[in-house]
1. Given H placed on each backbone N at 1.01 Å, which residues far from Q24 in sequence or on other chains put an amide H within less than 5 Å of it?
2. If you build the convex hull over the alpha carbons only and average its shadow over all orientations, what do you get for the stretch 83-131? Give it in nm² to one decimal.
3. Once the Cα atoms of the stretch 4-183 are picked out, what are the Rg and Dmax in Å?
4. Skip the ligands, DNA and RNA, and give the accessible area per residue of the stretch 1-108 with a 1.4 Å probe, whole Å².
5. How many percent of the accessible area of the stretch 32-174 is carbon or sulfur, using a 1.4 Å probe?
6. Given the pairs K23/K117; K94/K124; K94/K144; K23/K49; K49/K94, which are separated by over 24 angstrom at their Cα positions?
7. How big is the dipole moment of the chain about its Cα centre under a simple scheme where the beta carbon of each Lys and Arg is +1, that of each Asp and Glu is -1, and everything else is neutral? Debye, nearest 20, please.
Amino acid sequence: MFEDTDITLLLTAIRFAAEKHQKQRRRDEVTPYINHPIEVATVLWSDGKVRESEMIAAAVLHDILEDTQTLSQEIQTLFGDKVLAWVEEVTDDKSLPKQERKRLQIVHAQSASPGAKQIKMADKICNLRDLMVRPPHDWTLDRKLQYLSWSDQVMDGLRGCNALLESLFDQVLQEARQHYRQTSPGMPL
Ligand code: ZN
């Protein structure tokens, strides 16, 4: 069972993230950004069967340091050290060029804590689904396929701490490949 404090923590995280992401949209430029962290938290809870409220709260906050002006201190004050540590672990260093950030995600995946790995897995699952359902307008098929194989490479390092999320990722990746195979028959995948 969950305590009052668990629900309070979660509602505070959702409200805080909604305020911080309020002016942002997803890559399709239509969907409100906050939908994404809520989906990531839902995948952890519903599909990954994660029952640690602080990990669910960290999932709601997972893009907040990377994509908004939020300070680590704010997260620590409102949500504590454990949540902050997970959010920091899943945050890319935005001072680096994009390709380098993507390479480092592959490198760092294996050494991440089990909590950060599970948040990352749920994030990758949601991003692959988004790519199929509401893709960025300006992405070529080639770029989408590169994104799929990069996600798979990051996933290699994340495996070993939640079999449910791993098999869901494999299933969604297969669906995505099939989706693009139908779009472009004869394409090697
Ligand atoms: Zn994300």
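1. Y33
2. Mean shadow area of the hull around the Cα atoms is 3.8 nm².
3. Spelled out, the Cα radius of gyration and Dmax of the stretch 4-183 are 15.7, 49 Å.
4. On a per-residue basis, 57 Å².
5. Answer for the stretch 32-174: carbon and sulfur cover 51 percent of the accessible area.
6. K23/K117; K23/K49; K49/K94
7. In debye, rounded to 20, the chain gives about 660.
The values are calculated or read from the model by the stated rules, or taken from the named source; none is laboratory data. This one's a predicted model, so the numbers in the text were calculated from it and none came from an experiment. Reconstructed Cβ throughout: ideal geometry from the backbone, glycine too, with neighbour counts over all protein chains shown. Accessible surface is based on the protein model in full, side chains and every heavy atom, while ligands, DNA and RNA are left aside. Shrake-Rupley method; radii C 1.70, N 1.55, O 1.52, S 1.80 Å.
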